[in-house]
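Trainee: Structure incoming, see below.
The values are calculated or read from the model by the stated rules, or taken from the named source; none is laboratory data. Just so it is clear, the structure is predicted and the values come from calculations on it, not from any experiment. As a convention, Cβ positions derive from the backbone with ideal geometry for all residues, glycine included, and neighbour counts pool all protein chains shown.
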Amino acid sequence: MDLLKMFGKEPPSKDIAKERLKLILIHDRANVSPQFLELVKGDIIKIISDYAEIDEKGLEIKFTKSGEKGCEVPALVANIPIKKMKEISKY
């Protein structure tokens, strides 16, 4: 879908609706609430912040699918914009 946008072509609205429906079904099958995603997001921010300065506004976490057709499984995808890495002293 993003490939079409790169070439200036928008996908048909039926394809967009179909993709959104797939994502909703994945969320339902994984039994994941929006509150759960916010908890995961908060934990990821805490952990990553120990090692890097991140752009929290640009942080995106979502469930999607991965695997081969017919054998797809839910996958958690995180897009974490890093401003800069922190120096970590060796113990």
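Okay, residues lined up against (1) at pLDDT 80 or above; (2) surrounded by 13 or more Cβ atoms within 10 Å (Cβ to Cβ):
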site: TYR51; (1), (2): yes, no
site: ILE61; (1), (2): yes, yes
site: THR64; (1), (2): no, yes
site: GLY70; (1), (2): no, no
site: LYS83; (1), (2): yes, no
site: GLU87; (1), (2): yes, no
site: LYS90; (1), (2): no, no
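Trainee: State whether the residues of the stretch 55-76 include one that is part of a loop (DSSP other than H, G, I, E, B), polar (S, T, N, Q), on the phi < 0 side of the Ramachandran plot and over 9 Å from the mean Cα position of the chain (by Cα).
Mentor: Within the stretch 55-76 (the criterion being part of a loop (DSSP other than H, G, I, E, B), polar (S, T, N, Q), on the phi < 0 side of the Ramachandran plot and over 9 Å from the mean Cα position of the chain (by Cα)), the answer is no, since none of the residues qualifies.
Trainee: Return yes when GLY8 is modelled with pLDDT of 70 or more, surrounded by fewer than 11 Cβ atoms within 10 Å (Cβ to Cβ), in a loop (DSSP other than H, G, I, E, B) and not polar (S, T, N, Q) and no when it is not.
Mentor: Taking the combined requirement at face value, the residue does not satisfy it.
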